Amino acid sequence: MGGAARVVERRGEIALRLLGRAAHLIGARVQGVDDLGQLLTRIADRPGDAGQALRIGRRVDGANGTIDFGQGNNSGQGSWVPVCSDVTSTPTSCASTNPSLRNFAAANRITGYYRPEDLEVDEAALARGQARVCGANTGIEEFANYGELVCITDGTIAESTANGAVPALQHFVTGNPQFAMPDNVAYQPGRGNWIVHEDGDQLQGNNDLFDCLPDGTDTDLGSDGCVRIATLNDLEAELTGGIFDADGSTLYISVQHNVTGHGVVLAITGWK
């Protein structure tokens, strides 16, 4: 997995600049992104990094012209709101308080999503010097919340690193009964497709793997379409943690919770 290891490290370099500030979006602890271990390998290089939460709903107050933010919005421009920092202790220390993101979100009107799981760096955007990540909000299909994929932009790499950009979130793929509860995503280098892993409750069949096109030259900002490319034959199993090698020709992906009680890692080759 030498090629995969190299691409993970490269993604981790940029991901830490952006995702370290978006930890709440992926259900990680405030200090970082440790539940993205399959993606980030250099977390320890930034101990005490400040966590920030994303507040969507940027609007101008008509009364006095000031910028205001609030809940009730789940797409569009927003702002980063400091949660904690072991460097500046602003607004509090991470290590000593380990603040509850749930309580912080309620008190600071932070935008919330149902079960955010995974974020992946958009390498095409990275090559253009832009900070963009896409990821899954899994949802819960028993209550007709089929989940979604969203993408977050944060200006250029330099602007994002300096915390000088205005972040924005747009919907990329909306779930449905047959595309239910997306859990993990994997970006395919070269082609730019997004491989989406389901973690549904099998109300409409087994968990699947979908291949989603990037947004093309049409007028919307979403994927240009998704197709089912694989289906598990085990109702208990889940595909997770997929990542491509550097040239996008091999996908490494694990199958967990399978009926044998033993997980397995697959290398799927032949990608174009």
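Miscellaneous remarks
- Applying the set (1) under 19 Å from residue 54 (Cα atoms); (2) within 20 Å of the chain's Cα centre (by Cα); (3) not in a strand (DSSP E or B) to residue 106 leaves exactly one unmet item: (2).
- Extreme residue, modelled with the lowest pLDDT, among residues of the stretch 191-203 that are in a strand (DSSP E or B) and more than 24 Å from residue 219 (Cβ to Cβ): 198
- Only residues that are closer than 25 Å to residue 127 by Cα and part of a strand (DSSP E or B) were counted across the stretch 204-223, and they come to 3.
- Counting only residues that are at pLDDT 95 or above, among the small types (Gly, Ala, Ser) and surrounded by 15 or more Cβ atoms within 10 Å (Cβ to Cβ), the stretch 218-238 holds 2 of them.
- All positions within the stretch 105-124 that are under 29 Å from residue 180 (Cα atoms), free of Cβ contacts under 8 Å to residues at least 60 places away in the same chain and surrounded by fewer than 21 Cβ atoms within 10 Å (Cβ to Cβ): 106, 109, 112, 114
- Residue check for residue 186: in contact (Cβ under 8 Å) with a residue 60 or more places away in the chain and in contact with a Lys or Arg (Cβ under 7 Å, 6 or more places away or on another chain): no
- Selection of the stretch 93-103 for residues being outside any loop (DSSP other than H, G, I, E, B) and either surrounded by 12 or more Cβ atoms within 10 Å (Cβ to Cβ) or touching a residue at least 12 places away in the same chain (Cβ under 8 Å) (or both) yields 94, 95, 97, 101.
- Residue-level analysis places residue 241 outside the set of residues that are over 23 Å from residue 74 (Cβ atoms), of a type in the set (Gly, Ala, Ser) and loosely packed, with under 13 Cβ neighbours inside 10 Å.
The values are calculated or read from the model by the stated rules, or taken from the named source; none is laboratory data. Computed from a predicted model, the values in this text were never measured in an experiment. We place every Cβ from the backbone using ideal geometry, glycine too, and count neighbours over all the protein chains shown.
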